[in-house]
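What follows is a set of notes on a single structure, which appears directly below.
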2 protein chains.
Amino acid sequence: MKENKKIPPATVKRLPLYLQCLDLVGDDEIGISSSKLAELAKVNDAQVRRDLSYLGTLGTRGVGYDISTLRNQLQLELGLVEGWSAVIVGIGNLGSALAHYGGFREKGFGIVGLFDDDPKKINSQVAGLVIKPLSDLEKYCEKFNVAIGIIATPGEYAQGVADQLIGCGVRSILNFAPVLLKNVPDVQIRSVDLSQELQILSYYLDRPVLKAVD
Amino acid sequence: MKENKKIPPATVKRLPLYLQCLDLVGDDEIGISSSKLAELAKVNDAQVRRDLSYLGTLGTRGVGYDISTLRNQLQLELGLVEGWSAVIVGIGNLGSALAHYGGFREKGFGIVGLFDDDPKKINSQVAGLVIKPLSDLEKYCEKFNVAIGIIATPGEYAQGVADQLIGCGVRSILNFAPVLLKNVPDVQIRSVDLSQELQILSYYLDRPVLKAVD
DNA sequence: GAGTGTGAAAACATTCACAGCT
DNA sequence: AGCTGTGAATGTTTTCACACTC
């Protein structure tokens, strides 16, 4: 396991953003200043410097940050160089969208299996992978040492799928089903609830003056 | 416009969660205590009381909160009773998933139009709506007074679509494309980046001891 | 001169703990 | 007795501002 120097959660949430911003600067650019990066990421420049300082002393005073060093360090810190394997469970429209989404592979994640219990879907192909029944999950998790489970099922199946994933040794779950999953010790669960995002937006719709967070 | 008593952003983010939790309690229950709600929402009970106190004095000391009053107040505060209209642009797998997603309507949003510029998709139906070309966007926005634009296009089209939506008077955008949209004054933009969520998970994957935020 | 790294200040968010109401 | 609403305490995050390095 990696050394546990603590990076504040608020900073962790911004690291992928910085990584994305680095891809936006021209290939000819070799360095970047905190203020330029701040402008791209739409945050304060002191914020950028504070955040990056948690990764070590990466910058050069009077000069800025070397882009490729910075990118490497961000990838390292986020664990994107470990090549984590992931499976997607629930291959409806959302699951298919996720399976096709190139951003995962590009960022170092490998989608190694698609699962669904609908007989009409089993054995059909999506994004070059054959859809398997959930009974094959354990076999896959062992074979590919699956670290991440992505849940894209309807709400009513999500908790059962989560339990199964955890039973197979998966320690990280990204949940798109609109339900609250039970907490389990040592298992990280992140939920993205599409309708909640819209509700937050709705609050600010009436109040154009206020600024949302995030 | 609604009165602008300020609710802290961190609280606004939890209001939809409380609303969801209220649906979890039995229909026979008439009231709920902050500690019960806290348990369901997995937050501290003082947090619940503080959050709800921003909506006014809703509880009864010694008793708790009346569920239906609380639900009404949450919906009111979030602007879910205004019946905001939304359009979805980009009807690939993700856009289709969003179009089918029942949670939007249930929460008071009306999806009034689907748009895509792929000739193969135009005029076909998804979730009971006919897909229209982007050139029809302005007409729809006027006709239905569209408040929210949901972007589910590939990244390269997202900024153009956002510009068009804003040009049509849309003041709120929920963006699923993995790009950073330009900020525009008085336009609220929320981005959900699927790969960023996965990267945050990845950070904590190596560090089972640490707790993520959110 | 330009731009980082970081103490110190300010702002924001969470939690404790209890007075006060039912 | 039970549970809310909220001052006060604590913890976290952001921002300022400047000493320091290249």
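The values are calculated or read from the model by the stated rules, or taken from the named source; none is laboratory data. No experiment lies behind these values; they were computed from the predicted model shown. FYI the Cβ positions are ideal-geometry reconstructions off the backbone, even for glycines, and counts take in every protein chain you see. In case anyone asks, the SASA skips ligands and DNA or RNA and just uses the protein heavy atoms, side chains included. Shrake-Rupley method; radii C 1.70, N 1.55, O 1.52, S 1.80 Å.
For this structure, a couple of remarks:
- Assigned charges on the beta-carbon of Lys, Arg, Asp, Glu; the protein assembly as shown dipole about Cα centre (debye): 860 debye
- Alpha-carbon geometry of segment B:85-196: the Rg and the Dmax are 12.7, 36 Å, given in that order.
- Dipole magnitude (debye, nearest 20) for segment B:1-64, charges at Cβ of Lys, Arg, Asp, Glu: 500 debye
- Compactness relative to 2.2 N^0.38 Å, alpha carbon Rg of segment B:1-122: 1.30
- Using θ = phi - 60° and Karplus 6.51 cos²θ - 1.76 cosθ + 1.60, couplings along segment B:114-125 (whole Hz; Gly, Pro as x): 10, 10, 7, 9, 6, x, 5, 9, 4, 6, 7, 10
- Computed over segment A:9-78, the Cα gyration tensor eigenvalues convert (square root of 5λ each) into semi-axes of 16, 13, 13 Å, ordered from largest to smallest.
- Computed from Cα atoms alone, the Kirkwood hydrodynamic radius reported for the protein assembly as shown is 23.0 Å.
- Summing charges over neighbours of A:E39, with a neighbour being any other residue whose Cβ is under 13 Å away from its Cβ, gives +2 when K and R count +1 and D and E count -1.
- Pseudo-label separations to other copies for A:I30 - Cα-to-Cβ vector, 7 Å, nm: 7.6
- Rotationally averaged projected area of segment B:138-213 (alpha carbon convex hull; nm²): 6.2 nm²
- Average other protein chain Cβ within 10 Å of Cβ, residues B:93-99: 6
- Order by protection proxy (mean Cβ within 10 Å, highest first), peptides A:192-198, B:130-136, A:37-43: A:192-198, A:37-43, B:130-136
- Rounded to the nearest whole Hz, the Karplus-based 3J(HN,Hα) values (6.51 cos²θ - 1.76 cosθ + 1.60, θ = phi - 60°) of segment A:70-79 follow the sequence 4, 4, 4, 5, 5, 5, 4, 5, 7, x, with x at glycine and proline.
- Filter on A:K121/A:K182; B:K6/B:K107; B:K6/B:K139; B:K121/B:K182; B:K13/B:K121 - keep pairs with C-alpha separation over 25 Å: A:K121/A:K182; B:K6/B:K139; B:K121/B:K182; B:K13/B:K121
- Lacking any other cysteine beta-carbon closer than 4.7 Å, the following Cys residues of chain A have no compatible partner: A:C21.
- Within chain A, the proportion of C-alpha pairs whose separation exceeds 23 Å stands at 56%.
- Within a Gaussian network of chain B (alpha carbon springs, distance under 10 Å), most fluctuating of B:A147, B:A97, B:A86: B:A97
- 7 Å along Cα→Cβ, label-point gaps from B:E138 to other copies, nm, shortest first: 6.2
- Per-q log10 I(q)/I(0), segment B:100-144, q = 0.13, 0.15, 0.17, 0.29 Å⁻¹ (Debye; single scatterer per alpha-carbon; no solvent): -0.31, -0.41, -0.52, -1.05
- Counting only protein heavy atoms and a probe of 1.4 Å, the accessible surface of segment A:1-156 is 48% carbon and sulfur.
- Cα-centred dipole magnitude for chain B, charges only on beta-carbon of K, R (+1) and D, E (-1), debye, nearest 20: 440 debye
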